[in-house]
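Visitor: Pasting a structure below so you can have a look.
The values are calculated or read from the model by the stated rules, or taken from the named source; none is laboratory data. What you see is a predicted model; the values in this text were computed from it and never measured. Counting neighbours? That spans all protein chains shown, and the Cβs are built from the backbone with ideal geometry, glycine included. The accessibility values were calculated without ligands, DNA or RNA, using every heavy atom of the protein model including side chains. Shrake-Rupley method; radii C 1.70, N 1.55, O 1.52, S 1.80 Å.
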Amino acid sequence: MFFVISNWKGFLRPNFEQDLNVFLKQNKIDNITNIFAVPFVSLNMLNEVFSYHKKSIYTYSEQKNNPTAEDSNIFLSAQNSNYVGKNSTGNISSSMLKDLCTHILCGHSETRSEKYSLSEHAIDIITNNLIPIIFVENHLELYKLIENKSFIKSLSDKQINKLTVILEPKHYIGKASAAPIHELEEDFKQIKNLLKERNIEGKVCYGGSLNKENIWPYVDLFDGICFGRFSLSTDFFPTIYEISSYLKNNKYQNSNKSLDSNTYKNKQDLLNDNSLTKENHNTAKNLTNNKSQNTEARDK
């Protein structure tokens with residue numbers, strides 16, 4: 001099952017409730033798990049929408065009492081929770097959220113402080129029977145987390161099978177474009193190996209500056225993707241259907257991508273193409289170098 005996480009950030013999209021009702025009513029997608037990460041003030045509203053469409057989403061309490069809840073492919077997530085001073089004024093703890101959602105974002109770049117501890121936050125979420133969606137800058141950060149024995153011990157069998165990791169490279173946070181795919185392949189491979197070595201059947205996703213135009217190479221490589229502001233766009237739900245169709249038709253466009261350097265204006269345009277895999281990126285270098293050498297020889 002491919003994962004699509006939609007992080008609303010601090011926005012409320014007009015008419016989203018209406019569009020969501022239509023989506024849930026017509027939802028026949030069986031190869032995508034949708035997780036909506038929404039502001040605290042939207043959790044109740046969305047629970048009401050989901051409760052109208054029975055068996056569309058289940059909170060932790062409902063999952064305990066309803067065996068069919070495991071078959072759901074739509075879930076609700078909080079965007080953050082307080083694990084330090086969680087009983088202080090204005091703070092919202094994981095224990096307050098467990099009857100409103102199933103997941104909590106953990107370690108998102110916009111919620112980290114100087115003293116932030118990814119392991120402490122994740123453990124707090126897990127001990128309240130919720131599932132952390134863990135953001136990491138690279139595989140080394142995940143390595144430090146899963147080497148923490150307290151973190152591994154806190155995971156139940158169910159949580160191990162549902163753990164989600166989102167790769168969010170530091171140098172591309174807040175940028176206009178997503179990280180080039182060839183720069184992500186090694187981290188993706190290392191993260192998958194780290195999870196496999198510890199018998200964690202988790203999903204590894206990519207997040208950062210994604211939209212309907214640039215998602216396809218990331219869909220090819222990763223187990224899921226995380227949208228930010230695009231999830232509030234009117235194009236969001238149509239894109240979900242497009243991803244579903246793409247996966248079913250097995251259209252891996254980056255493996256079939258033409259690397260004819262004549263189709264690019266210059267060498268830099270080709271090397272900056274985010275959809276190229278590492279192997280194709282190296283091929284691109286050779287193509288452009290050969291083209292440059294031929295041009296120099298001709299000029300002589």
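Visitor: Want the number for residue 196 to residue 173: 0.36 nm per residue separation, take away the alpha-carbon distance, what's left?
Guide: The span from residue 196 to residue 173 would gain 5.5 nm if fully extended.
Visitor: What translational diffusion coefficient, to the nearest whole µm²/s, does segment 84-129 have by Stokes-Einstein, given a Kirkwood radius computed over alpha-carbon pairs, a temperature of 25 °C and 0.890 mPa s viscosity?
Guide: Result for D is 216 µm²/s.
Visitor: Tell me the label-point distance for the pair residue 138, residue 229, using the 7 Å Cα-to-Cβ offset, in nm and rounded to one decimal.
Guide: Modelled inter-label distance: 2.8 nm.
Visitor: Give, to the nearest whole percent, the P(r) tail of segment 114-223 beyond 23 angstrom, counting all Cα pairs.
Guide: 29 percent
Visitor: What is the distance, in nm, between label points placed 7 Å from the Cα along the Cα-to-Cβ direction at residue 31 and at residue 186?
Guide: It is 3.2 nm.
Visitor: Another question, if that's okay. Given a cut-off of 21 Å, name the pairs among 162/189; 115/158; 25/212; 192/212 whose C-alpha atoms lie farther apart than that in the structure shown. Write down the numbers at each step before the final one.
Guide: Numbers: 162/189 19 Å; 115/158 30 Å; 25/212 23 Å; 192/212 26 Å.
Beyond 21 Å: 115/158; 25/212; 192/212.
Visitor: Between residue 47 and residue 86, take the C-beta separation as r, use R0 = 22 Å, and let me know the FRET efficiency to the nearest 0.05.
Guide: Here the calculated transfer efficiency is 0.50.
Visitor: Here's a follow-up. To the nearest 10 square angstrom, how much accessible area does residue 143 have with a 1.4 angstrom probe?
Guide: Residue 143 exposes around 100 Å² with every protein chain in place.
Visitor: Rounded to the nearest 0.05, what FRET efficiency is calculated for residue 213 and residue 248 with R0 set to 22 Å and r the Cβ-Cβ distance? Could the numbers behind the result be given before it?
Guide: On the way: r = 21 Å, r/R0 = 0.94.
The pair residue 213/residue 248 has a calculated efficiency of 0.60.
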